[in-house]
Amino acid sequence: MNTLIGTGVALVTPFKNDMSVDHDALTNIVKYNIDNGTNYLVISGTTGESVTISKQEKQEIISTIKKTNAGRLPLVLGIGGNNTAKVIDEINNTNVSDFAAILSVTPYYSKPTQEGFYQHFKAISKVCPIPIIVYNVPGRTAKNMLPKTTLRLARDFDNIVAVKEAGNNQQQYLELLRDKPKDFLVISGDDDLALGATLAGGSGVISVLGQAFPKDFSRMIQLGIEGKAAEAYQIHKKFMEITKLIFKENNPAGIKAVLENMNLCKDTVRLPLVPATNDLKNLINNYIKQY
């Protein structure tokens with residue numbers, strides 16, 4: 001799965017002031033990333049506010065991105081949830097032929113056991129016609145999928161090809177990288193740990209910050225893949241402050257404040273999220289002026 005190596009970006013869903021999807025802004029963000037070195041695009045993930053997007057809006061968002069992308073970059077589609085039957089139904093009723101993979105989050109709220117995680121993804125694997133990236137993000141789901149469960153899935157199902165690991169746990173990355181099957185990809189979901197994980201043998205990142213600074217962020221990850229640590233860390237150091245800032249209040253409010261400063265979209269988010277505070281925006285704007 002070379003198409004999933006490097007820098008993927010978890011695209012935001014831009015909204016107008018009336019909370020409708022801003023397809024013009026979405027088009028501009030996609031073009032900006034295509035033109036500046038992003039390797040693949042991820043649609044309808046956490047950063048895309050997938051939980052507050054309707055089915056119709058999701059299809060319209062997919063249509064806009066596919067039209068703008070015009071086959072230039074691989075696309076990954078988020079299809080996940082805590083109702084296994086519903087996830088299976090969505091896969092069965094979605095044309096996924098134009099996608100390199102689906103990104104499927106571990107079940108949230110329900111807090112399944114490790115066996116529950118396994119059986120959930122086993123059921124999804126049986127019906128999914130394209131590769132699957134399992135997405136572990138315990139800070140949002142309230143339950144950590146342990147490396148042994150991820151690797152069990154990797155060994156047992158050929159179409160489970162990667163994990164987006166976002167546990168913000170360096171030790172967990174190292175366990176996955178040590179014990180994984182040769183062709184299984186460990187993709188960072190933590191912008192702050194992405195370079196370290198890549199240098200340790202990971203396959204890159206699905207980034208929030210990368211969509212705002214695609215040229216430098218993609219360059220940093222590519223240097224990490226090439227093992228050029230000193231050069232890569234020079235870029236990483238430039239991103240340390242802004243990485244903290246965009247997650248200070250909530251995601252995607254922080255990254256939307258950055259994108260608003262760059263005139264790429266408004267900072268509007270749907271409830272229960274709220275826009276970044278003026279204090280945070282001032283810090284972000286000061287960073288961008290100095291960048």
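The values are calculated or read from the model by the stated rules, or taken from the named source; none is laboratory data. All of these numbers come straight from a predicted model, not from anything done at the bench. Please note: Cβ atoms are built from the backbone with ideal geometry, for glycine as well, and neighbour counts cover all protein chains shown.
A few remarks follow.
- For Asp158, the conditions (1) without any contact (Cβ under 8 Å) to a residue 24 or more places away in the chain; (2) farther than 15 Å from Met1 by Cβ are fulfilled apart from (2).
- Some residue of the range 58-72 being touching a residue at least 60 places away in the same chain (Cβ under 8 Å) and closer than 27 Å to Leu271 by Cα: no
- For Ile79: the one exception among (1) in contact with a Gly (Cβ under 8 Å, 6 or more places away or on another chain); (2) among the β-branched types (Val, Ile, Thr); (3) closer than 26 Å to Pro181 by Cα: (1)
- Residues being surrounded by 17 or more Cβ atoms within 10 Å (Cβ to Cβ), at pLDDT 95 or above, aliphatic (A, V, I, L, M) and more than 26 Å from Ser54 (Cβ to Cβ) are entirely absent from the range 100-110.
- Residues in the range 231-284 that are part of a helix (DSSP H, G or I) and among the small types (Gly, Ala, Ser) were compared, and the one that is surrounded by the most Cβ atoms within 10 Å (Cβ to Cβ) is Ala257.
- Of all the residues in the range 100-126, those that are within 24 Å of Ile65 (Cβ to Cβ) and either in contact with a helix residue (DSSP H, G or I) (Cβ under 9 Å, 6 or more places away or on another chain) or in a loop (DSSP other than H, G, I, E, B) (or both) number 6.
- Of the criteria (1) within 14 Å of Tyr135 (Cα to Cα); (2) in contact (Cβ under 8 Å) with a residue 40 or more places away in the chain, which one Val163 fails: (2)
- Taken as a whole, the condition of being at pLDDT 95 or above, in contact with a strand residue (DSSP E or B) (Cβ under 8 Å, 6 or more places away or on another chain) and crowded, with 24+ Cβ neighbours inside 10 Å applies to Ser207.
- So Val134, is it touching a Ser or Thr at 6+ places or on another chain (Cβ under 9 Å), in a strand (DSSP E or B) and more than 27 Å from Ala25 (Cβ to Cβ): yes
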